Structure formats: C-alpha cells, structure tokens
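Novice: A single structure is presented below for examination.
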Amino acid sequence: MEKRISGTTGLFTLLGSPVGHSGSPAMYNFSFQQQGLDYAYLAFDVKKDQMPEAIDALRLFKVRGSNVTMPCKSVAATLADELSPAAKIVGAINVIVNDNGKLTGHITDGIGFVRNLKENGVEVAGKKLVILGAGGAATAVQVQCALDGAKAITIFNQDDAFYANAEKTQQKLKAVKPDVEVKVYPLADQARLTAEIKKADILVNATIVGMKPLDHQSLVDPSELRPDLVVADTVYNPLKTKLIEDAEALGCTVAPGKGMLLWQGDAAYTLFTGKAMPTAEYQAYEA
Ligand code: NAD
C-alpha cells in the first residue's frame with residue numbers, strides 16, 4: 001500500500017450508510033491495481049442529511065468520482081449538476097463523475113441488470129417482462145429495460161408505499177417511451193399475475209422477498225414457471241434465491257442478482273476510468 005498510494009493518487013469514494021459491509025472498495029482497489037491506475041477507493045459513512053456537505057467535499061477534494069448507496073441515492077440526484085437520461089427518469093443515482101467540478105449523476109443498476117441478462121444469453125429488446133417490485137432496484141430495472149427496447153413491462157407490487165412509485169414510473173415512461181406498454185397491478189391480484197406470467201418472456205423479482213431474512217420465500221409458485229421463461233432476481237444474498245432455485249429445477253434460463261451487482265460495478269468503473277473492469281480476474285480472485 002505504501003508503494004501504491006502517493007501524493008498524486010486520485011480518490012474515488014462510496015457515500016451512504018451503512019457502508020462497512022460493502023464489497024466495492026475491495027473490487028475497485030483490486031481493479032485499479034490490476035490495471036496500474038493511480039487511484040484509490042474509500043468508503044465514507046454519510047447520512048442523508050449530510051449529503052450536501054459530502055457533495056461539496058467531492059468538489060473541494062477533487063474526488064474523481066463516487067458511488068452512492070442507500071439511503072442517499074435519491075437526495076444525491078437532487079444535488080448533481082447533471083443527470084444521465086436514465087437517472088433523470090429514475091430520480092436516483094448510484095454513480096457521480098466529477099469532471100473538473102461538474103458532477104454528473106448516473107444510475108448503473110439497470111445497466112447491470114440488462115448486461116447480466118445478456119451474459120446469460122438473453123436480450124431485453126422486444127421482450128415482455130413481468131417485474132415484481134417498485135422500490136429502488138425495481139424502478140432502475142424497469143426504466144433501463146424500457147430504454148433498451150422492451151416491448152411490454154407489467155409491474156406488480158404489494159399494497160404499500162412503493163405502489164405509487166410503479167404508477168409514477170408508468171407515467172414517466174409513457175412520456176419518454178410511449179411505444180413500451182407499461183401496466184401496473186396489485187400483487188394481491190394472483191389471477192392477473194398468473195395470466196401475465198403466461199404471456200411473459202422474462203420474470204423478474206426486484207423485491208426484498210428471497211433476501212435474508214426472507215430467504216426460502218418466493219412470490220411466485222413453481223407451478224407458474226415454465227422452461228422457456230427467463231427468470232431473473234435482483235437479490236444477491238443468498239446467491240440463489242428460492243425463485244432462482246425453483247426456476248433452475250425446471251430448466252429455465254436464470255440470471256441471479258450477483259451478476260447484476262458485478263455488471264453495475266463494471267458500468268460504474270467504465271464511467272470512472274474509461275476502461276472495462278477486469279471482472280474475470282476479480283471473480284477468480286474472489287473465489
Ligand atoms: P426497496 O426497499 O427500495 O424496495 C423494496 C421492494 O420490496 C418494494 O417493491 C416493496 O413493496 C417490496 N416488498 C417488501 N416486502 C415485501 C413482501 N413481504 N412481499 C412483497 N413485496 C415486498 O429495496 P431495493 O433497494 O429496491 O432492493 C430490493 C432488492 O434488490 C434487495 O434484495 C437489494 O439487495 C437488491 N438490489 C440488488 C442490486 C444488484 O446490483 N444486484 C442493486 C440494488 C438492489
């Protein structure tokens with residue numbers, strides 16, 4: 001480390017709370033070292049109300065770029081100087097690029113999701129998706145899939161505060177991508193869910209169901225799945241959710257959340273450095 005960090009080393013950060021468990025510092029520092037880049041990446045525990053000061057600090061310390069995690073993604077979007085097209089629609093960012101004091105916000109979660117499908121041999125263009133969820137991950141996935149040419153997106157969410165997000169996303173997408181058919185239904189309408197899954201090419205779980213401590217739970221009965229349905233999850237802990245295990249047992253093509261996590265990081269790395277992340281080397285190192 002004493003040989004790697006010098007007076008010229010450029011800083012990248014992670015802002016959010018908590019950040020102590022994050023895998024990002026290890027992943028980015030490994031990648032900088034692999035590619036001989038004079039950069040370092042550190043995590044800072046920053047609460048929502050501290051974000052204006054943190055954003056000013058990015059400018060003051062000429063931090064090259066930053067990731068933003070929960071619960072600061074939405075407030076960060078209001079503090080950036082400019083937003084990518086997807087970030088504008090989503091209203092949240094997970095990446096900030098500092099271009100000589102001008103901060104541009106991006107959201108790479110949806111990019112990572114679409115790349116993860118692609119890495120599993122599935123294109124989103126022209127496809128009908130059923131997406132369970134209307135929180136941060138779900139909204140990013142819905143917006144990116146629409147921008148990348150999905151034919152139809154049907155959103156199901158339980159009757160909670162997130163439901164209104166789905167309706168907002170539907171309205172926003174109507175304005176920017178009127179050719180994509182976006183429908184929103186309550187998750188409690190199980191007959192509708194069954195009918196929509198029957199018509200779908202890709203089923204996505206973007207809720208917290210399946211994540212610890214809700215592991216061993218799935219919002220979809222295995223009898224609703226069929227081998228030609230692609231099944232994706234945003235949940236990455238556990239690595240295989242019950243939904244992914246049920247789908248795999250039936251022979252479906254699956255795209256678990258860990259791949260989305262890797263590829264959203266890769267997309268951020270490219271925005272930070274202009275290079276592809278050495279993902280294969282990092283996966284081998286992590287294993
Ligand atoms: P969020 O809190 O913003 O949204 C939670 C969603 O879960 C809402 O739609 C809510 O209605 C739904 N929900 C909660 N309890 C439910 C229940 N009992 N039954 C049905 N629906 C329920 O969360 P988020 O940030 O969108 O994260 C969702 C999941 O995606 C988490 O597991 C998170 O770790 C994961 N995630 C993964 C990546 C990745 O790169 N793979 C990125 C972001 C988030």
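The values are calculated or read from the model by the stated rules, or taken from the named source; none is laboratory data. Everything quoted here is computed from the prediction, not taken from an experiment. Using ideal geometry, Cβ is built from the backbone for each residue, glycine included, and neighbour counts are taken over all protein chains shown. Surface areas here come from the heavy atoms of the whole protein model, side chains and all, with no ligands, DNA or RNA. Shrake-Rupley method; radii C 1.70, N 1.55, O 1.52, S 1.80 Å.
Novice: Here is a list: K174, K168, K212. Which entry is charged (D, E, K, R), at pLDDT below 95 and over 24 Å from R115 (Cβ atoms)? First the steps, then the outcome.
Specialist: On the way: K174 fails: at pLDDT below 95; K168 fails: at pLDDT below 95.
Result: K212 is the single residue among K174, K168, K212 that is charged (D, E, K, R), at pLDDT below 95 and over 24 Å from R115 (Cβ atoms).
Novice: Could you say whether any residue in region 153-161 is surrounded by fewer than 17 Cβ atoms within 10 Å (Cβ to Cβ), more than 10 Å from the ligand (Cβ to nearest atom), touching a residue at least 12 places away in the same chain (Cβ under 8 Å) and not acidic (D, E)?
Specialist: no
Novice: Same structure again: Could you tell me whether A87 is under 17 Å from K168 (Cα atoms), open to solvent by less than 70 Å² (accessible area, probe 1.4 Å), of a type in the set (G, A, S) and not in a helix (DSSP H, G or I)? Don't jump to the end; show me each part of the working.
Specialist: Details: under 17 Å from K168 (Cα atoms): yes; open to solvent by less than 70 Å² (accessible area, probe 1.4 Å): yes; of a type in the set (G, A, S): yes; not in a helix (DSSP H, G or I): no.
No: the conditions fail for A87.
Novice: Further question on the same structure: Of everything in region 225-236 that's assigned to a loop (DSSP other than H, G, I, E, B) and surrounded by fewer than 23 Cβ atoms within 10 Å (Cβ to Cβ), which residue is nearest to the ligand (Cβ to nearest atom)?
Specialist: This residue is Y236.
Novice: Oh, and also: Of the residues G112, G149, only one is in contact (Cβ under 8 Å) with a residue 40 or more places away in the chain and either within 16 Å of the ligand (Cβ to nearest atom) or on the phi > 0 side of the Ramachandran plot (or both); which?
Specialist: Only one candidate passes the filter, namely G112.
Novice: Moving on to the next point. Pick out the one residue from P213, P222 that is loosely packed, with under 14 Cβ neighbours inside 10 Å and touching a Leu at 6+ places or on another chain (Cβ under 8 Å).
Specialist: The match here is P222.
Novice: Read through the list (1) in a helix (DSSP H, G or I); (2) open to solvent by 20 Å² or more (accessible area, probe 1.4 Å); (3) within 20 Å of A87 (Cα to Cα), then give the number of the only condition that P178 fails.
Specialist: (1)
Novice: So, of the residues in region 245-260 that are out of contact with any Ser or Thr (no Cβ under 9 Å at 6 or more places or on another chain) and hydrophobic (A, V, I, L, M, F, W, C), which turns out to be most open to solvent (accessible area, probe 1.4 Å)? Give the steps one after another, and end with the answer.
Specialist: Residues of region 245-260 that are out of contact with any Ser or Thr (no Cβ under 9 Å at 6 or more places or on another chain), as a first pass: 248-255, 258-259.
Narrowing the set further to residues that are hydrophobic (A, V, I, L, M, F, W, C) leaves 249-250, 252, 254-255.
Values: A249: 93, L250: 69, C252: 13, V254: 18, A255: 2 Å².
For region 245-260, the residue satisfying everything is A249.
Novice: A follow-up question, please. Only one of (1) among the polar types (S, T, N, Q); (2) under 18 Å from L262 (Cα atoms); (3) touching a Lys or Arg at 6+ places or on another chain (Cβ under 7 Å) is not met by N120, so which one is it?
Specialist: (3)
Novice: Going by the structure shown, is T270 within 30 Å of K151 (Cβ to Cβ), within 18 Å of the chain's Cα centre (by Cα), within 16 Å of the ligand (Cβ to nearest atom) and part of a helix (DSSP H, G or I)? Break it down stepwise before answering.
Specialist: On the way: within 30 Å of K151 (Cβ to Cβ): yes; within 18 Å of the chain's Cα centre (by Cα): yes; within 16 Å of the ligand (Cβ to nearest atom): yes; part of a helix (DSSP H, G or I): yes.
Judged against the criteria, T270 is a match.
Novice: Is there a residue in region 61-75 that is closer than 12 Å to T13 by Cβ, out of contact with any Lys or Arg (no Cβ under 6 Å at 6 or more places or on another chain), in a helix (DSSP H, G or I) and of a type outside the set (D, E, K, R)?
Specialist: For region 61-75, residues closer than 12 Å to T13 by Cβ, out of contact with any Lys or Arg (no Cβ under 6 Å at 6 or more places or on another chain), in a helix (DSSP H, G or I) and of a type outside the set (D, E, K, R): absent.
Novice: In region 162-175, how many residues are open to solvent by 50 Å² or more (accessible area, probe 1.4 Å), farther than 21 Å from V124 by Cβ and in a helix (DSSP H, G or I)?
Specialist: Final tally of qualifying residues: 3.
Novice: Additional query: Can you tell me how many residues within region 100-147 are surrounded by 19 or more Cβ atoms within 10 Å (Cβ to Cβ) and part of a strand (DSSP E or B)? Even if it seems obvious, please write down each step before you answer.
Specialist: So the first thing to find is which residues in region 100-147 are surrounded by 19 or more Cβ atoms within 10 Å (Cβ to Cβ), and the list is 103, 105-117, 124, 127, 129-134, 136-147.
If we keep only those that are part of a strand (DSSP E or B) too, we end up with 103, 105-106, 129-132.
Counting residues in region 100-147 that are surrounded by 19 or more Cβ atoms within 10 Å (Cβ to Cβ) and part of a strand (DSSP E or B) gives 7.
Novice: Identify, by number, the condition in (1) in contact (Cβ under 8 Å) with a residue 24 or more places away in the chain; (2) within 10 Å of the ligand (Cβ to nearest atom); (3) open to solvent by 30 Å² or more (accessible area, probe 1.4 Å) that P186 doesn't meet.
Specialist: Condition not satisfied by P186: (2).
Novice: Tally time: how many residues in region 192-210 are open to solvent by 50 Å² or more (accessible area, probe 1.4 Å), within 16 Å of the ligand (Cβ to nearest atom) and assigned to a helix (DSSP H, G or I)? Can you show your working first?
Specialist: Let us first name the residues in region 192-210 that are open to solvent by 50 Å² or more (accessible area, probe 1.4 Å), namely 192, 198-199, 201, 208.
Going one step further and asking which of them are within 16 Å of the ligand (Cβ to nearest atom), we end up with 192, 208.
Then keep just the ones that are assigned to a helix (DSSP H, G or I); that gives 192.
The qualifying residues number 1.
Novice: Within region 211-220, does at least one residue satisfy the condition of being assigned to a strand (DSSP E or B), touching a helix residue (DSSP H, G or I) at 6+ places or on another chain (Cβ under 7 Å) and closer than 20 Å to A150 by Cβ?
Specialist: As a first pass, look at region 211-220 and keep what is assigned to a strand (DSSP E or B): 211.
With the extra rule that they be touching a helix residue (DSSP H, G or I) at 6+ places or on another chain (Cβ under 7 Å), the set shrinks to none.
Taking every residue of region 211-220 in turn, none turns out to be assigned to a strand (DSSP E or B), touching a helix residue (DSSP H, G or I) at 6+ places or on another chain (Cβ under 7 Å) and closer than 20 Å to A150 by Cβ.
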